[in-house]
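Let me begin by presenting the structure, written as structure tokens, before commenting on it.
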Amino acid sequence: MSALSRREWLLSDQPGSRRQARLGQAYRTWLSFRSNWLAMVGLAIVLALVVVALFADVIAPYDPVIGGDLRTERFLPPLSEGHIFGTDDLARDIFSRIVHGSRLTLMVVVLVAVIATPIGLLVGTTAGYFGGWVDTVLMRLTDIFLAFPRLILALAFVAALGPGIENAIIAIAITSWPPYARLARAETLTIRDSDYINAARLQGASSARILWGHVTPLCLSSVVIRVTLDMAGIILTAAGLGFLGLGAQPPQPEWGAMIAAGRRFLIDQWWVATVPGTAIFIVSLGFNLLGDGLRDVLDPKARK
């Protein structure tokens, strides 16, 4: 099948099979997403983060933990020979630490999304579908979490669990699910009495099957958009915990911890804190642009 005929097959107004209809819808979504150049910039930044994290051992020219000669390689400025971003107070190559730090950033983002999204979907769809006292109890619990700023609540959980990247991930995940639950509940309330849901009930489908087989897939696109937009906040929260010494512990190359270590030298050796701060800014911007693009193509309410 040629490229032209494949395109015509995907864009057909009368698909001949369910597979063709799904692929055609996915292709139209991609075409709409591709027309937004800012969204493509965000996608490129996120893909670059993934590639750098996967091939950090190949890309990084130096060990991110072991430094060089403190007498000759300490505080080398950017664009020095062999050190594109310079070195820090322990003569460690900042570029190598940024590259390896991308693994920690990606790990935090992925694990928080994997933990928080199902919890939010479960709580929100259950509350919206059953209503009554179930809705009241679950939403009041959600309100308790929403009453506290995310960073403050994460600080409280990390203080209770102890410092460390694993505990920081758990704390951020615990504080991230309430907005997803609210969104999933709102979506569920609009569809729980729809004809196709009633038809599923008449066919004898259990509540669990209706929730996970019919309601949750319809709520998923809105929740995915919200999760993508929240990635920047997750990164900033993780960096804030690292900055305060409650996240990744030295000598791990976590970007927030690198900023905390470099703030003492900000006047004379500005690059030690500026480079990881710039990395946080670029990655956060990438996730925001990607989330905006996904909202434009996946959220029916945002379509013109």
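The values are calculated or read from the model by the stated rules, or taken from the named source; none is laboratory data. The structure displayed is predicted, hence computed values, not measured ones. So basically every Cβ, Gly included, is an ideal-geometry build from the backbone, and we count neighbours across all protein chains shown.
Assorted remarks:
- Subset of segment 1-45 that is in contact (Cβ under 8 Å) with a residue 40 or more places away in the chain and among the small types (Gly, Ala, Ser) - its residue that is farthest from Val283 (Cα to Cα): Ser32
- Residues that are assigned to a helix (DSSP H, G or I), among the hydrophobic types (A, V, I, L, M, F, W, C) and within 19 Å of Ser80 (Cα to Cα) within segment 256-280 comprise Phe265, Trp271, Val272, Ala273, Val275, listed in sequence order.
- Given (1) modelled with pLDDT of 90 or more; (2) within 31 Å of the chain's Cα centre (by Cα), index of the condition Leu76 fails: (2)
- Residue in segment 173-180 that is more than 17 Å from Arg226 (Cβ to Cβ) and either among the small types (Gly, Ala, Ser) or crowded, with 22+ Cβ neighbours inside 10 Å (or both) present: no
- Some residue of segment 61-71 being in a helix (DSSP H, G or I) and closer than 28 Å to Asp88 by Cα: no
- Residue satisfying all of: in segment 197-212; in contact (Cβ under 8 Å) with a residue 60 or more places away in the chain and among the aliphatic types (A, V, I, L, M); surrounded by the fewest Cβ atoms within 10 Å (Cβ to Cβ) among these: Ile210
- Flag if Val58 is farther than 24 Å from Arg295 by Cα, among the β-branched types (Val, Ile, Thr) and assigned to a helix (DSSP H, G or I): yes
- Selection of segment 250-278 for residues being free of Cβ contacts under 8 Å to residues at least 40 places away in the same chain and either on the phi > 0 side of the Ramachandran plot or in contact with a Lys or Arg (Cβ under 7 Å, 6 or more places away or on another chain) (or both) yields only Ala273.
- Those helices (runs of 4 or more DSSP H) lying entirely in segment 184-248 with at least 3 residues in contact with a helix residue (DSSP H, G or I) (Cβ under 6 Å, 6 or more places away or on another chain): 216-243
- Residue-level check: of (1) within 20 Å of the chain's Cα centre (by Cα); (2) touching a residue at least 60 places away in the same chain (Cβ under 8 Å), Phe85 misses just (1).
- Subset of segment 77-92 [assigned to a loop (DSSP other than H, G, I, E, B) and touching a Phe, Trp or Tyr at 6+ places or on another chain (Cβ under 9 Å)]: Pro77, Pro78, Leu79, Gly82, Ile84, Phe85, Gly86, Asp88, Asp89, Ala91, Arg92
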